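Encoded as structure tokens, the structure appears first; notes follow it.
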Amino acid sequence: MKVPFALPDITQQEVDAVALTVASGWLTSGKVMKDFEQDFEGRYPGTGAVAVNSATAGLHLVLEALGVRPGDEVIVPSMTFTATAEVVRYMGAVPVLCDVNPESGCLTLNSIRAVQSDKTVGVIPVHFAGLAMDIAPITAYARKRGWFVVEDAAHAIGAELNGVPVGAMASDATVFSFYATKCITTGEGGMVLSRDQRILERIRVMRLHGIDRDAFNRYQSGKPAWEYDIIAPGFKYNMTDVAAAMGRVQLSRMEEMRLARERIALRYSNELSRSVHTPHWSMLFDNKHQHAHHLYQVGVADRDRFIEVMFSKGVGCSVHFKPLHLMEYWARNPGSVRGEYPGAETRFGRMVSIPIYSAMTEDQVDHVVLSVKEAEYATR
Ligand SMILES: *Cc1c(COP(=O)(O)O)cnc(C)c1O
């Protein structure tokens, strides 16, 4: 039996919505993108939503709007995807890598303290694997120092802590990803949520070439107005209506898909905890946390051989992530040498991500459970 590591969950509803948009003749950013943004604003009251063509673009726009400058330092966990750090480099600033808690995969106040300096201007915490981390102590610490906090929530749409969803927590902005493997997808896409009108206004202009919005709105208002103004050298980061059409259906199915992943996570935790290290029950299933279950990671004795055996049984696995400080480019980054990374390295040495997605069949889940037990037994 074949079980790919990840597959999107696309129904006829998504297919129909995309077909309707394509047939409408309006392909790029328009009404459907605005409707998608309004869906988010309805779900996260008090925030403004700006749709973009990736989470990477969204993070970049937020840092630009916050005025990050060359020489500034921004604290980023080493245990993340390279996008979280590369956007800091886009601004000419230095991503300073910090360690993470080995159990949660998330950065902590202590890991921030270990690498901060008088050049620090902000922090980008990552809600790792779909765990809604408690950012309150971090925002409190940051506010006192005049730093910003931007949440990388690429893994965590639908996650909650104490009833507060990721996206409604008290930070400067939250960025979701709709990449093909993420909890909801538009193929490529992202969404920025913020309560700060200045950030929202700036990123709405900068996602589309720096075109002055008032003039652009005039242009769209049906009057024969041809003139617009450019107020800054902006970017090409807008989301298409085709992507947004898929996203609106995916968002409406978000909780249904999350619950399907939760059922799989529950089976894994119940059936695998005697064979491999499974995530702490409290992180995944207690009544404080609603986990997004984007990744399910197990700790094994011999990671590389385990993945090979799983592959031979038809099961795709992955590693999230090789820590950035071990990557050729980031190892040379001046912001990588200050920290020590025992938490990130412990995780990297033993954790394997096994398949978890709502399009998995019962038989596939059974096959993964059996394969994990056999692979760990064979490689111990
Ligand atoms: C996927 C991912 C991103 C980037 O998302 P894109 O939409 O592909 O740009 C950023 N951060 C983390 C932690 C991710 O996993």
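Just so you know, all these numbers are worked out from the coordinates, no wet-lab data involved. Just so you know, these numbers come straight off a predicted model, no measurement behind them. Backbone-built Cβ (ideal geometry, glycine too); neighbour counts: all protein chains shown.
Things to note:
- Along principal axes, Cα extents of the stretch 17-136, largest first, whole Å: 54, 33, 26
- Sorted by Cβ neighbour density within 10 Å, fewest at the top, the residues Val100, Val337: Val337, Val100
- The value of relative contact order for the stretch 81-123, using C-alpha pairs under 8 Å at least six residues apart, is 24 percent.
- Distance from the alpha carbon centroid of the stretch 62-99 to that of the stretch 160-184 works out to 19 angstrom.
- Cα-based shape type of the stretch 236-380, given that a ≥ b ≥ c are square roots of the gyration tensor eigenvalues and the cut on a/c is 1.5: oblate
- Relative contact order, percent, the chain [alpha-carbon distance under 8 Å, six or more residues apart]: 24
- For the chain, a Gaussian network of Cα nodes joined below 10 Å ranks Thr28, Thr174, Thr108 by mean-square fluctuation, and the top entry is Thr28.
- The stretch 125-284 shape via C-alpha gyration tensor axes, a/c threshold 1.5: oblate
- Shape of the chain, Cα gyration tensor, a/c cut at 1.5: oblate
- Around Gly167: net Lys/Arg minus Asp/Glu count, Cβ-Cβ under 10 Å: -1
- Percent of beta bridges antiparallel (DSSP, the stretch 60-134, rounded to nearest 5): 10
- With contributions of -39500 (n - 2.57) from each DSSP H run of at least four residues, the per-residue ellipticity at 222 nm computed over the chain stands at -12000 deg cm²/dmol.
- Look at where the Cα atoms of the stretch 33-49 and of the stretch 334-380 average out, and the two centres are 34 Å apart.
- A cut-off under 14 angstrom between Cβ atoms defines the neighbours of Glu151, and their net charge, with Lys, Arg +1 and Asp, Glu -1, is -4.
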